[in-house]
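The values are calculated or read from the model by the stated rules, or taken from the named source; none is laboratory data. Just so you know, these numbers come straight off a predicted model, no measurement behind them. Neighbour counts run over all protein chains shown; Cβ positions are idealised from the backbone, glycine included. We work out accessible area using only protein heavy atoms, side chains counted, and drop any ligands, DNA or RNA first. Shrake-Rupley method; radii C 1.70, N 1.55, O 1.52, S 1.80 Å.
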Amino acid sequence: MGSKLNSAGSRTRSSVSIFVVVGLCCFFYILGAWQKSGFGKGDSIALEITKQTDCSILSNLNFETHHNDDTGIIDPTEPKEKVFDSCDVRYTDYTPCQDQDRAMKFPREIMIYRERHCPTDEEKFYCLIPAPKGYVTPFPWPKSRDYVHYANVPYKSLTVAKAVQNWVQFQGNVFKFPGGGTMFPHGADAYIDELASVIPIADGTVRTALDTGCGVASWGAYLLKRNVLAMSFAPRDNHEAQVQFALERGVPAVIGVLGSIHLPYPSRAFDMAQCSRCLIPWTSNEGTYLMEVDRVLRPGGYWILSGPPINWKTYYTTWNRTEEELDKEQKNIELLAENLCWEKKYEKGDIAIWRKKDNTDSCSRTSPNFCERKDNDDVWYKKISTCITPYPEVTNPNEVAGGELKKFPARLFAVPPRIANGLILGVTVESYQDDIRLWKKHVNTYKRINKLIGSGRYRNMMDMNAGLGSFAASLESPKSWVMNVVPSIAEKNTLGVIYERGLIGIYHDWCEAFSTYPRSYDLIHASGVFTLYNNK
């Protein structure tokens, strides 16, 4: 089994990573392909933990398939390992569904070419992604927020393109991230302080956030110390390695774009969303992109816009645009926001903030075009329509549509509204609480086997089949974060529950590549994934 495990390890983040398969007696520790090739500096963690692991080896296990075919009987004692070769070094950062060469074959309008376009079976590679020469284990959090090894992400273009904006600087053999951004020249902390003067960030009301066009995700990075978990995304474009830098820093991020298909998140997911000079044309296509942000924004949530067209009177000459054009653009955004039932709360300098109303009782809309689809969470590869996602119905004008959430961290183990209201078929309050108890027990067992879990050694984690999110909830710590994946073929669509608990996640089909760079995650957890995709 060693060769097979090594093949999986080539896609993990650090030189020694971990892949947990629930249902087997122990953990499999995965050495990346670059270790076999002599690249990278390994550590002694895998060896030491393996020594500590109490695992019973059963000699009578038979892993052969149990159906008949015409190939005859295979002796189960013969080794059946398959060895994968390393890919060419030019594929060090290959991301199959965001491959640049393939992307250029698709239409440019509404960012279709920047969306997911996965290889056909004939195009797929069956080789191991090599790490860059000299790859080393990333800095531990919180140092990784500010420093990244050059050897791990050897791209300097952003240090030139964004030199005056303090995104990233090159110093010796590391990159430094000063926390600057195009629209926050005094740093992300000062920018967030201004937002917090309007938005209740400090008291746990705001927990989940969305950063559209995130750059190197400094906004999300600096929100983490305020106990706010941001999902950041940006396309794989000319600014090489934006999302790769974010993940190497230990900040949640995926490759993504607002284009022709829905964002892979459920409705009413985020407490706050922002565009900081993300250059998304909010008024184009009849406001479709703003309608999509409205779909994923929770009633009572906040939308922040900093950058064009806000403060256009100061910047219109710098932006090489006319006063008339920018004035019209801002007025159109104001009209769209009003029709979405958003109330403007703040505009000063470069920042404007809107709040989505708790329900529609106090809205003044002008002939809204409501979406008619039955399930507003069924979005995987679904085309965006120019329509407004309706609020859930309320029984009184003071009720929060969809259900009021407790402040974080109380919401982590509180009963989510989707469960309390019976919206997840087959999940009751009792079964939800049983799920919490079960995963607390599992995680405690994991920690006894591997004492490094919870220590900060594993920063970026993923749950491939997250269910109700109780694995991530049991691990909740400032030292790590979990990308909760709900497979598109899962029997129950539970991602909305995960967000109501104050966690983050994404829809995905595991028959395709994930929208991330190689070496993104330190620990990958798989519970029931192989069963779910059996015969698929």
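For the reader, a short list of remarks on this structure follows.
- Among the candidates Pro281, Pro308, residue that is under 28 Å from the mean Cα position of the chain (by Cα), under 20 Å from Thr389 (Cα atoms) and not charged (D, E, K, R): Pro281
- Restricting Val443, Val400 to those that are modelled with pLDDT of 95 or more, within 26 Å of Val228 (Cα to Cα) and in contact with an Asp or Glu (Cβ under 8 Å, 6 or more places away or on another chain) reduces the list to Val400.
- Filtered by the rule that a residue be surrounded by fewer than 17 Cβ atoms within 10 Å (Cβ to Cβ) and assigned to a helix (DSSP H, G or I), segment 80-134 gives Val89, Arg90, Gln100, Asp101, Arg102, Glu109, Ile112.
- Glu329 of a type in the set (Asp, Glu) and touching a Pro at 6+ places or on another chain (Cβ under 9 Å): yes
- Count of segment 305-322 residues which are among the charged types (D, E, K, R) and open to solvent by less than 80 Å² (accessible area, probe 1.4 Å): 1
- Among the residues of segment 76-98, those identified as of a type in the set (Val, Ile, Thr), touching a residue at least 12 places away in the same chain (Cβ under 8 Å) and more than 18 Å from Glu512 (Cβ to Cβ) are Val83, Val89, Thr92.
- Residues in segment 254-271 that are touching a helix residue (DSSP H, G or I) at 6+ places or on another chain (Cβ under 8 Å), part of a strand (DSSP E or B) and closer than 19 Å to Gly403 by Cβ: Phe270 alone.
- Any chance Gly181 is touching a helix residue (DSSP H, G or I) at 6+ places or on another chain (Cβ under 6 Å) and open to solvent by less than 10 Å² (accessible area, probe 1.4 Å): yes
- Neighbours by Cβ (under 9 Å, 6+ apart or cross-chain): first from segment 466-483, within 17 Å of Arg207 (Cβ to Cβ); second of a type in the set (Asp, Glu) and open to solvent by less than 10 Å² (accessible area, probe 1.4 Å): Gly469/Asp463; Ala472/Asp463; Ser480/Asp522; Val482/Asp463; Met483/Asp463
- The residue list Lys383, Lys356 contains one member that is in the same structural domain as Gln330 (by the TED database), surrounded by fewer than 14 Cβ atoms within 10 Å (Cβ to Cβ) and at negative phi, which is Lys383.
- Among residues of segment 99-126 that are on the phi > 0 side of the Ramachandran plot, those with a beta-carbon under 7 Å from a residue that is at pLDDT 90 or above and assigned to a helix (DSSP H, G or I) at least six positions away or on a different chain give the pairs Ile110/Asn285.
- Single residue of Leu326, Leu336, Leu405 found to be open to solvent by less than 40 Å² (accessible area, probe 1.4 Å), assigned to a helix (DSSP H, G or I), touching a helix residue (DSSP H, G or I) at 6+ places or on another chain (Cβ under 6 Å) and in contact (Cβ under 8 Å) with a residue 40 or more places away in the chain: Leu336
- Taking (1) in a loop (DSSP other than H, G, I, E, B); (2) more than 30 Å from Ile489 (Cα to Cα) in turn, Gly422 satisfies each apart from (2).
- Looking across segment 135-172, just one residue is open to solvent by less than 40 Å² (accessible area, probe 1.4 Å), among the small types (Gly, Ala, Ser) and either out of contact with any helix residue (DSSP H, G or I) (no Cβ under 6 Å at 6 or more places or on another chain) or modelled with pLDDT under 90 (or both), and that is Ala151.
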